[in-house]
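First up is the structure itself, then whatever we jot down about it.
The values are calculated or read from the model by the stated rules, or taken from the named source; none is laboratory data. Given the structure is predicted, the values throughout are model-derived calculations rather than measurements. Counting neighbours? That spans all protein chains shown, and the Cβs are built from the backbone with ideal geometry, glycine included.
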Amino acid sequence: MRNVSPVMQRELGAFFYSPIAYAVLTIYLILLGIFFTATTFQPGNQASLEGLANLMPVVFVLFLPVLTMRLLSDEYRTGTIETLMTAPIGETDVVIGKFLGVLVFFIVMLATTLLYAFIVNAYGRLDWGMTASTYLGMLLLGALYLSVGLFFSACTGNQIIAAVSSMVLLLVFTFLSGYLADQASGALKLTLRHLSIREHFNGFARGLLDGNDIVFFVTSTGLFLFLTVKVLESRRWR
């Protein structure tokens, strides 16, 4: 952890001084505000954040790869990766430090939406247990998306390629796999549903906690972080 902390602090500093990060945050808040206003205050709607939560997979697919695209790609482009890799820290420290840095910034982004929860609660009795489940789901979903983005950032020195590759993979496993599962049957249907990120997120949005869904997100995030470490290790020997 001693070696992880400097990397994390370096990334946090980069995010909080980055115009791109603030641009992402601003557009993110504007879009969510428009959607929240348009959907929440309809007559007969239940006091909940389920509608907002259902939008999050789309929002995260579009915005989170933009946050992660520079994490390692920029190190390759500027040549600072060589300095980083010759420092007395390992590949795992670099990956975990960068992941935690972007995760903290993401948590700040997510925390800003708590304002919507308090607004809903002011107009109706918000189920805070369901809301807590929703936010846990959004946190796990975001962490997985960030790990995927970090992996692709490790694979290329081109930030645009890293972002687009992340978006494509996330679109496939968030939306397309669920659609294909509806068209399939038998073992293939079950497999595609298990691989569908949205299927595992939907329960959280409805206030349901399922251990299998938590395990899916944690293990998937861990897998992409592990793969990122392996990509960095392979570059050391080139």
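Key figures for this structure:
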quantity: Condition met for Phe105 (over 21 Å from Glu233 (Cβ atoms) and in contact (Cβ under 8 Å) with a residue 60 or more places away in the chain); calculated: yes
quantity: Selection from the stretch 79-114 of residues that are among the hydroxyl-bearing types (Ser, Thr, Tyr) and in a helix (DSSP H, G or I); calculated: Thr80, Thr83, Thr86, Thr92
quantity: Helices (runs of 4 or more DSSP H) completely within the stretch 1-69 that count 2 or more residues being out of contact with any Pro (no Cβ under 6 Å at 6 or more places or on another chain), at pLDDT 80 or above and farther than 23 Å from Ile197 by Cβ; calculated: 4-16, 19-40
quantity: Hey, Tyr76 modelled with pLDDT of 90 or more, of a type in the set (Ser, Thr, Tyr) and in a helix (DSSP H, G or I) or not; calculated: no
quantity: Matching entry among Gly203, Gly207, Gly211 (being without any contact (Cβ under 8 Å) to a residue 40 or more places away in the chain and among the small types (Gly, Ala, Ser)); calculated: Gly211
quantity: Flag for Gly124 being closer than 21 Å to Arg235 by Cβ and small (Gly, Ala, Ser); calculated: no
quantity: Criterion violated by Ser133 - all others in (1) outside any loop (DSSP other than H, G, I, E, B); (2) closer than 29 Å to Gly13 by Cα; (3) in contact (Cβ under 8 Å) with a residue 60 or more places away in the chain satisfied; calculated: (2)
